[in-house]
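Every number here is computed from the coordinates shown, using simple stated rules; none is lab data. This is a predicted model, so every value here is computed, not measured. A quick note on method: Cβ atoms are made from the backbone with ideal geometry, for glycine too, and the neighbour counts reach across all protein chains shown.
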Protein chains: 2
Amino acid sequence: MSDVYIIGGGESKYGELWERSLREIAVEAGLKAVENAGVRTKDLSAIYMGNSLGGLISKQEHLSAIMSDHAGIATEYIPSIRVEASTASGAAAFRQAYLSIKSGEHEVVMVGGAEKMTELYGTEIIDITSSVVDREWEAFAGATPAALAALSARIYMKDFHVGKESLASISVNDHANAAMNENAHYRNKITLDQALNATPIAEPLNLMDCAPMTDGATSVILASEKYVKEHGVKGVKILSSAISQGPFALHSRKSFYTVEPTVISSRKALEQAGLKHKDISFVELHDSYSIYGLMTLEDLGFAEKGKANGMVESGIGIGSALPVNPSGGLKAKGFPYGAAGVSQIYESYLQLMGKAGKRQVKDATYGMTHNMAGSGTASVVHILGVE
Amino acid sequence: MSDVYIIGGGESKYGELWERSLREIAVEAGLKAVENAGVRTKDLSAIYMGNSLGGLISKQEHLSAIMSDHAGIATEYIPSIRVEASTASGAAAFRQAYLSIKSGEHEVVMVGGAEKMTELYGTEIIDITSSVVDREWEAFAGATPAALAALSARIYMKDFHVGKESLASISVNDHANAAMNENAHYRNKITLDQALNATPIAEPLNLMDCAPMTDGATSVILASEKYVKEHGVKGVKILSSAISQGPFALHSRKSFYTVEPTVISSRKALEQAGLKHKDISFVELHDSYSIYGLMTLEDLGFAEKGKANGMVESGIGIGSALPVNPSGGLKAKGFPYGAAGVSQIYESYLQLMGKAGKRQVKDATYGMTHNMAGSGTASVVHILGVE
């Protein structure tokens, strides 16, 4: 079983890219990654694409093939596969690419994540984005992604006597970090007051608790241990990869604020990597809604259930004991559904290679990423490291 | 690297299942496969689903999770992933499952393929099914899947002086085999005359040249060598798995009647398996249109380019030198997009285990399956065998 390394990456600007197509931004990210990794496109033995809504938005299936064709590399007959696990598509695609190298089948593989959210407009936005929750049992009854997050938030806040400030702090931190990320969707810092007093979306959540509709694409290049050694390439090692999936609808779960798949996959990932929580230098987590930031810190095991507020209040910025979302997270770097998981991996690669510029986490050795499907149907956790 | 075996399978009836939902048929196939393989659902370490159009048809993403939830096994937190490569989604999902076991990550994995085509109606049928070709460069210009197949047929017939009878023979053979398959969509035999004189669809192709809109679901269970040995289970070995992808649009390819990804992936699959064409006992190939049956026999290397007609005329039935589509193929067993690839694998499993009943190919030792994306954007070839 080969070890697997990330040897490069690249991405488009994240934001409202009205003038650019899904194909364009996906190709931009892919070609930047290839250049950054110092590989040739003909070295690629496969391409895995994470994409959630492309079919529904553009009525085009087999998007991975459209991408490689548009990049001008289809004549090299590289197989491409689209992996879809709603908003966890990016990390799920990354995991399949990792397994394909581990199996000995591939040497150098590209993983791309891309989504063009701004093609949606009006009520279509709620309709199409609700395809990541249970349509028959949730969305048809009005339980959209925002409504489900609000439900979890309300019960969580009541049961643990947690104030709105703790939720808002998640978003304030994301914006502070995104201000240092030139590819981020929102580069403006926000104050706690601003976060607390934004337009209501689904009470108790307001605009500043909800990740935006972002267009964006990120790609990374993975390579086998053999390739890395033969080419003297420096890379970040994938120490573990874990995925878990539970009941789809929120009402079918044991708890409204514990995402069991996150608990299970983070435990597995730490075990596989032979690490403890204190070893983790930073975490990139899936805070599509601020409440998920708190819940996830607990489900990942960094705080006890109901107590992440203490951790958040004592600081989760770049210089803290556990920097959270140095990239700017889903709230401020942005949330292109199928790209989010790959974006987290790319940020971790930059951090662990010491290439994260102003937002560099000091002595970053091990990074954890957490990508979640919908309201917590599935979670994918990876631990990456440098030795 | 572990060897990988197919240890069981199951499927729903194929046909127009108006009264049944996508969830229902997928779950039926999955639970039948689990029972048939003699495993427990809690033994499954992952589920891979091949599905092409579910998002577009039902506006529900993450269908793999919907399936496992509806099967009542979500509380076992088994990860499930949807793999999408348009009409090759089934074989692509199978391949990812195979690689995941080969990598040492999983022991027992379910692969499901499911599609509910009859939810589409009216012009929506052409619109949505055209998501498997290049929408911007083909479908918008009227080049639907049927039109593209007709284009290939017309040029092929002209260049090689091949008559319509040769195309029709592909469909006649499918119907003859499907008559012996109780799960097939169409169980009526058809004569060459009937095949030649059906309603025109896209000249020179008529209704009998085109695979139907079929609902259906098939699942198979894969297991590692370790599991098979420890449990004394009999299975069919996956001898090789190959995939290749080329230019998306037909007009971008070198030839209108050579699908380069099929040529490449079949060559690789035979090499990996250490086999020659004469060793193959039967082939399950992707004849969504009759012309693809002829083209594929050539691209797989069973006949020279332009000469598959000779082979077809001398017979491709169950008792012939190379039985083609013993299941009834896409034309008569049916063509649920994302299920087709898994259906071919299941048929091969039955044949190689000697469980194919009336349509059993005598002394079946090695079977080849060929699943194609759209008009030939990608091809996935597997070789399975018993030793």
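Sorted largest first, the spans of the alpha carbon positions of segment A:324-387 along the three principal axes are 33, 24, 16 Å.
Between Rg and the Kirkwood Rh of chain A, both from Cα atoms, what is the Rg to Rh ratio? Reported Rg/Rh (Cα atoms, Kirkwood Rh): 0.94. Listed values for segment A:179-186 are Karplus-derived 3J(HN,Hα) couplings in whole Hz (6.51 cos²θ - 1.76 cosθ + 1.60, θ = phi - 60°), namely 4, 9, 10, 5, 8, 5, 5, 10, and x replaces Gly and Pro. With its label point put 7 Å out from Cα toward Cβ, residue A:42 sits 5.3 nm from the same residue's point in the other copies, in order from shortest. As a length-normalised measure over Cα pairs under 8 Å and 6 or more apart, the relative contact order of chain A settles at 26 percent.
The relative contact order of segment B:239-300 comes to 39 percent, based on Cα pairs under 8 Å that sit 6 or more residues apart. Cβ crowding within 10 Å ranks A:302, B:140, A:248 as B:140, A:302, A:248, fewest other Cβ atoms first. Is the shape of segment A:251-336 rounded, prolate or oblate, going by the alpha carbon gyration tensor and its root eigenvalues a ≥ b ≥ c, with a/c under 1.5 for rounded and a/b larger than b/c for prolate? Because its axes are fairly even, with a/c under 1.5, segment A:251-336 counts as rounded.
Volume per residue of the convex hull around the Cα atoms, evaluated for segment A:127-202, comes out as 116 Å³.
Restricting to DSSP H runs of at least four residues, report the calculated mean residue ellipticity at 222 nm for chain B, -39500 (n - 2.57) per run over all residues, nearest 500 deg cm²/dmol. Dividing the helical sum by the residues of chain B leaves -10500 deg cm²/dmol.
Out of every Cα-Cα pair that segment B:90-229 contains, those further apart than 26 angstrom amount to 46 percent.
With Rh defined as the Kirkwood radius, the inverse of the mean 1/r over Cα pairs, the Rg/Rh of segment B:236-387 is 0.93. Each residue in A:361, B:220 was given a count of other beta-carbon atoms within 10 angstrom of its own, and listing them fewest first yields A:361, B:220.
Plainly put, the tip 7 Å out from Cα toward Cβ on residue B:137 is 4.2 nm from that tip on each other copy, the closest given first.
Residue B:200 label point (Cα plus 7 Å toward Cβ) to equivalent points in the other copies: 6.4 nm, shortest first.
When the square roots of the Cα gyration tensor eigenvalues are ordered a ≥ b ≥ c, the ratio a/c for segment B:30-179 is 1.5 or more and a/b exceeds b/c, which makes its shape prolate.
Look at the alpha carbon pairs under 8 Å that are at least 6 residues apart: their mean separation over the length of segment A:1-110 gives a relative contact order of 32 percent. Just list whichever of B:13/B:331; A:226/A:276; A:254/B:42; A:158/A:307; A:158/A:305 have alpha carbons separated by over 23 Å in the model shown. Table pairs above 23 Å Cα-Cα are A:226/A:276. Which percent of the Cα-Cα distances in segment A:176-221 go past 14 Å? When every Cα pair of segment A:176-221 is considered, 61 percent fall beyond 14 Å. For segment A:43-115, what does the alpha-carbon gyration tensor say about shape, rounded, prolate or oblate, given a ≥ b ≥ c as the root eigenvalues, a/c under 1.5 as rounded, and a/b over b/c as prolate? Taking the square roots of the gyration eigenvalues as a ≥ b ≥ c, segment A:43-115 is oblate. With θ taken as phi - 60° and the Karplus curve 6.51 cos²θ - 1.76 cosθ + 1.60 applied, the whole-hertz 3J(HN,Hα) list for segment B:71-78 is 7, x, 10, 5, 6, 8, 6, 7 Hz, x standing for glycine and proline. In the calculated pair-distance distribution of the protein assembly as shown, the portion above 49 angstrom amounts to 14 percent of the Cα-Cα pairs. Say the dipole of segment A:135-248 comes from +1 at the beta carbon of Lys and Arg and -1 at that of Asp and Glu; which of A:242, A:166, A:137 then lies farthest toward its positive end? The residue sitting farthest along the positive end of the dipole is A:242. Taking 1.306 mPa s as the viscosity and 10 °C as the temperature, the Stokes-Einstein diffusion coefficient of segment A:166-310 based on its alpha-carbon Kirkwood radius rounds to 89 µm²/s.
Stretching residue A:1 away from residue A:161 to a fully extended chain increases their span by 52.8 nm, per 0.36 nm per residue minus the current alpha-carbon distance.
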